[in-house]
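Here is the structure we will look at, set down as structure tokens.
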Amino acid sequence: MRFDVLTLFPEMFSGYMSQSILSKAIEREQVSVHVHNIRDWTKDRHHKVDDRPFGGGPGMILMVEPVVNCVRDVQAMSEEPGLVILTTPQGKRLNQPLCEDLASDHKRFIVLCGRYEGFDQRVIDILQPMEISIGDYVLNGGEVASMVLVDSLVRLVPGVLGDDLSSWDDSFSRGNRILEYPQYTRPRTFEGHDVPEVLLSGDHGAIEAWRKAKSLENTKQKRSDLLE
């Protein structure tokens, strides 16, 4: 799976890409992440990418020309066509079923990170990106949202987690569309809190039944909307 991330702040991704599961997936060539600076597609010596909005109003708008040219050139960098995604509060809400659909239907993603007051509308009109939101709130830019998107898709690439069943029973996932059951590890007892005996019994049928019951109980208590 390949990601091309288009941003005004490429330095934000260096630490993220060098840690944990993503770093290992990149080393094993299961995933590649390429970060591109939109300013490289400007034509003036100041690398100007934004301007005031027509009609007035606060803030600055990302200009159409450098963004569209950047996407087109990046699209041509690989024979695999990339799905263009724009991170925006106005987009479709990112959830686990959507992540699973994206991961199964596409091998390459071109992710546009917004800034300031957003993109000139013609960016959307011309490129027709999939618009995705990670929630009903506003961030300073789309970089963090793009990291969320990358992280949620990378873990669905076969082999990245080591055991492909690792993600099967996660909350909202294919094997469990509600919340996950509680998990425990050593020690068996800590400050009067014990690991449930059923998990120590070796009875796989009883353990499975306990997990299903606890998953449902968790969901009723914390996210009852998932049961509607």
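The values are calculated or read from the model by the stated rules, or taken from the named source; none is laboratory data. These figures come from a predicted structure and were not determined experimentally. Quick reminder, even Gly has a Cβ in these numbers, built from the backbone with ideal geometry, and neighbours come from all protein chains shown.
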Completion exercise
Subset of segment 54-94, residues in contact (Cβ under 8 Å) with a residue 60 or more places away in the chain, assigned to a strand (DSSP E or B) and among the β-branched types (Val, Ile, Thr), comes to Ile85, Thr87
Practice task
Would you check which residues across segment 22-49 are touching a Gly at 6+ places or on another chain (Cβ under 9 Å) and either surrounded by 14 or more Cβ atoms within 10 Å (Cβ to Cβ) or among the aromatic types (Phe, Trp, Tyr) (or both) and list them?
Solution key: Ala25, Gln30
Completion exercise
Of (1) modelled with pLDDT of 95 or more; (2) at positive phi; (3) touching a helix residue (DSSP H, G or I) at 6+ places or on another chain (Cβ under 8 Å), Phe172 fails just (1)
Problem - Ile132 touching a helix residue (DSSP H, G or I) at 6+ places or on another chain (Cβ under 6 Å), under 26 Å from Arg72 (Cβ atoms) and not small (Gly, Ala, Ser) - result: no
Practice task
Would you check if there is a residue in segment 127-135 being crowded, with 16+ Cβ neighbours inside 10 Å, of a type outside the set (Val, Ile, Thr), more than 15 Å from the chain's Cα centre (by Cα) and within 19 Å of Val111 (Cα to Cα)?
Solution key: yes
Practice task
Hey, could you check segment 27-40 for residues that are touching a strand residue (DSSP E or B) at 6+ places or on another chain (Cβ under 9 Å) and outside any loop (DSSP other than H, G, I, E, B) and say which is nearest to Val123 (Cα to Cα)?
Solution key: Ile38
Practice task
For segment 156-164, indicate whether the set of residues that are surrounded by fewer than 11 Cβ atoms within 10 Å (Cβ to Cβ) and at pLDDT 95 or above is non-empty.
Solution key: no
Exercise for the section: Go through Arg186, Arg122 for me and flag whichever is modelled with pLDDT of 95 or more and assigned to a loop (DSSP other than H, G, I, E, B). Expected result: Arg186
Problem - Tabulated pairs, segment 152-166, first among the basic types (Lys, Arg), second assigned to a helix (DSSP H, G or I), C-beta under 6 angstrom, 6+ apart or interchain - result: Arg155/Ser167
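Could you please let me know if Val195 is surrounded by 14 or more Cβ atoms within 10 Å (Cβ to Cβ), more than 25 Å from Leu22 (Cβ to Cβ) and at pLDDT 95 or above?
Working: surrounded by 14 or more Cβ atoms within 10 Å (Cβ to Cβ): yes; more than 25 Å from Leu22 (Cβ to Cβ): yes; at pLDDT 95 or above: yes.
Judged against the criteria, Val195 is a match.
Tell me, which residue of segment 172-190 that is within 24 Å of Pro158 (Cα to Cα) and without any contact (Cβ under 8 Å) to a residue 12 or more places away in the chain is surrounded by the fewest Cβ atoms within 10 Å (Cβ to Cβ)?
So, considering only residues that are within 24 Å of Pro158 (Cα to Cα) and without any contact (Cβ under 8 Å) to a residue 12 or more places away in the chain, the one surrounded by the fewest Cβ atoms within 10 Å (Cβ to Cβ) is Gln183.
Could you check, for segment 65-79, whether at least one of its residues is more than 21 Å from Phe9 (Cα to Cα), surrounded by fewer than 16 Cβ atoms within 10 Å (Cβ to Cβ) and touching a helix residue (DSSP H, G or I) at 6+ places or on another chain (Cβ under 7 Å)? Please lay out each step first, then the result.
In the first step, residues of segment 65-79 are kept if they are more than 21 Å from Phe9 (Cα to Cα); the result is 76, 78-79.
If we keep only those that are surrounded by fewer than 16 Cβ atoms within 10 Å (Cβ to Cβ) as well, we get 76, 78-79.
Within this subset, residues satisfying the condition of being touching a helix residue (DSSP H, G or I) at 6+ places or on another chain (Cβ under 7 Å) are none.
Looking for residues that are more than 21 Å from Phe9 (Cα to Cα), surrounded by fewer than 16 Cβ atoms within 10 Å (Cβ to Cβ) and touching a helix residue (DSSP H, G or I) at 6+ places or on another chain (Cβ under 7 Å), one finds none in segment 65-79, hence no.
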